[in-house]
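A.B. asks: Could you have a look at this structure, given as structure tokens, before my questions?
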Amino acid sequence: MRKMKFAPTLVAAAVSTVLLAGCNAQASKQEAATMAPVGKAMLAKSEQAAFAPLAPLGPPPQAADNLTTPDKAELGKLLFFDPRVGGDASTGCSTCHEPEQGWAWAEDFSRGYPGTVHWRNSQTIINSAYYPRLFWAGSASSLEKQAKSAATGGVAGNGESDIMEARLALIPEYRKRFKDVFGDEWPLIENVWRAIAAYETTLVQRDTPLDKYLQGDKAALSAEQVRGKALFEGKAGCIQCHNGAMASDMDYHNIGVPANKRWEEDGLAQITFRYEQYAKGQTEEGYRTAKSDWGFYYRSKNKWDKGKFRTPSLRYTAHTAPYMHNGILYTLEDVVEFYNRGGFDEEGRTTQFAENKSKLIKPLGLTDQEKADLVAFLESFSGDPITTEKPALPEYAPLFTRAELEAAQEAK
């Protein structure tokens, strides 16, 4: 499914359809009984029906040419945590996707390759297998391509394929594992990405309070969370973009997120910003005038896509602060307040491209109690933190012993 080339909204609908088994589309009697008055709903029932309902998450889709097996996932886990899959053997996947930090990185911008800083917030790996496209602007069409792009990106892994392959060839355990899993005589870099992708398909959370509630356990949500669900689907209008089993329409929207002021204060961030503008094919005028991340525009080059980013899933978000593509909102309370103001920050700032701002973003008029209820419901998209024991990484060893080399010389 990750290889399909349909429009994002169509892919989202297809994904949601596959994952909707067991979904309770109608509010339960308990839900109706515990709802506090929430004022005039933003979305009428007929409007709500236009969006895929929230649903329990089904098994993750897999690429037909890279099915997950236990041995492949185990190899992928080693590679995920191994910084030798990178430029100077200091920066691996887990460098920016730390299990203890929500399988992301708990700062506004992700960590960068030594001597650099990244320019976007690190997204969690949890449930990433369900996305039809990866990265904030959807520039990777599969987990395999995402792994490659991150490991070789200039401000991320900065790796060179031949050097990474050579390193792995000098590690006997990797030679054996690649032989067993892929039949490689020597580890091949494309199979590195396939193994990492296989491991990431195992990083799934499907047993959240919301999943349990939607599967029929009406005690799984508190009364406060049930009221928040009604707001989510009604007055607050969150369901318009955060719908389906992944709570994402998989589409791209400009919601008014202003630029991170770090561009103005951090010289290294400014260098990264200019580098990314150049690398992504920015026009000369755009390069000279850009004051923020242009998002989906870098892919489409359409002016109406400036400032648009993919709707992130709400799953596991209780563990992945800060939020938004540039990490400017530090709590779920901040996120709700941002939307309640109509897509403006505390200083009244909005995106550089206000003309592209989605018409869906408008002041909500939520009361303090309603905001608290909505935050409580957002927390129900996350279960307990997913942890793992970091693996002991295999050691280097010479390709040949001295005796083998001497025997080879004598044979000549």
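Values quoted throughout were computed directly from the atomic coordinates according to the rules given, and no laboratory measurement underlies them. The structure displayed is predicted, hence computed values, not measured ones. Cβ: placed from backbone, ideal geometry, glycine included. Neighbour counts: every protein chain shown.
A.B. asks: What net charge do the residues around residue 293 carry, taking every other residue with its C-beta under 11 Å from that of residue 293, with Lys and Arg at +1 and Asp and Glu at -1?
C.D. replies: On the way: positive: 120, 280, 291, 306, 308; negative: 276.
With Lys, Arg at +1 and Asp, Glu at -1, the net is +4.
A.B. asks: What distance in nm separates the two pseudo spin-label positions at residue 387 and residue 206, each 7 Å out from Cα along the beta-carbon direction?
C.D. replies: 2.4
A.B. asks: Moving on. Once the other residues with Cβ under 15 Å from the Cβ of residue 181 are scored (Lys, Arg +1; Asp, Glu -1), what is the net sum?
C.D. replies: Details: positive: 72, 77, 175, 176, 177, 179, 194; negative: 65, 71, 74, 144, 173, 180, 184, 185, 190.
Local net charge: -2.
A.B. asks: How would you order 99-111, 181-193, 360-372, 390-402 from highest to lowest mean count of nearby Cβ atoms within 10 Å? Could you put the intermediate results ahead of the total?
C.D. replies: Details: 99-111: 19.7, 181-193: 17.8, 360-372: 15.8, 390-402: 11.4.
The packing order, highest mean first, is 99-111, 181-193, 360-372, 390-402.
A.B. asks: Further question: Quick one: angle between helix 223-233 and the longest Cα principal axis of the chain, in degrees between 0 and 90, rounded to 10, please.
C.D. replies: Value to nearest ten degrees: 90.
A.B. asks: Using packing as a proxy for protection, rank 287-299, 112-124 so that the peptide with the highest average count of other Cβ atoms within 10 Å comes first. Mind dumping the intermediate values first?
C.D. replies: On the way: 287-299: 18.7, 112-124: 20.4.
Highest to lowest by the protection proxy: 112-124, 287-299.
A.B. asks: On to the next question. Taking the Cα atoms of segment 76-200, what is the range of coordinates along each of the three principal axes, in descending order and whole Å?
C.D. replies: Principal extents (largest minus smallest coordinate, Cα): 41, 33, 26 Å.
A.B. asks: If you don't mind, another one. How far, in degrees from 0 to 90, does helix 70-81 lean away from the longest principal axis of the Cα atoms of the chain, to the nearest 10?
C.D. replies: 90
A.B. asks: Let me ask something else. In square nanometres, what is one fourth of the surface area of the convex hull spanned by the alpha carbons of segment 286-412? Before the final figure, lay out each step's value.
C.D. replies: Details: hull surface 64.2 nm².
Averaged projected hull area, Cα only: 16.0 nm².
A.B. asks: Can you compute the helix-only [θ] at 222 nm over the chain? Use -39500 (n - 2.57) per DSSP H run of at least 4 residues, normalise by all residues, nearest 500 deg cm²/dmol. Walk me through the numbers on the way to the answer.
C.D. replies: Details: 18 runs with 155 residues, N = 412.
Per the formula, -10500 deg cm²/dmol.
A.B. asks: Between residue 360 and residue 160, how high is the FRET efficiency from 1/(1 + (r/R0)^6) when r is the Cβ-Cβ distance and R₀ = 41 Å? Nearest 0.05. Please report the intermediate quantities before stating the final value.
C.D. replies: Numbers: r = 43 Å, r/R0 = 1.06.
That gives a FRET efficiency of 0.40.
A.B. asks: Further question: Given a cut-off of 18 Å, name the pairs among 77/390; 235/308; 229/308; 145/308; 212/235 whose C-alpha atoms lie farther apart than that in the structure shown.
C.D. replies: Numbers: 77/390 9 Å; 235/308 24 Å; 229/308 26 Å; 145/308 22 Å; 212/235 24 Å.
Going by Cα-Cα distance, 235/308; 229/308; 145/308; 212/235 fall outside the 18 Å limit.
A.B. asks: On to the next question. Can you list the aspartates and glutamates whose alpha carbon sits under 16 Å from that of residue 303, skipping same-chain ones fewer than 8 residues off?
C.D. replies: 284, 285, 293, 355
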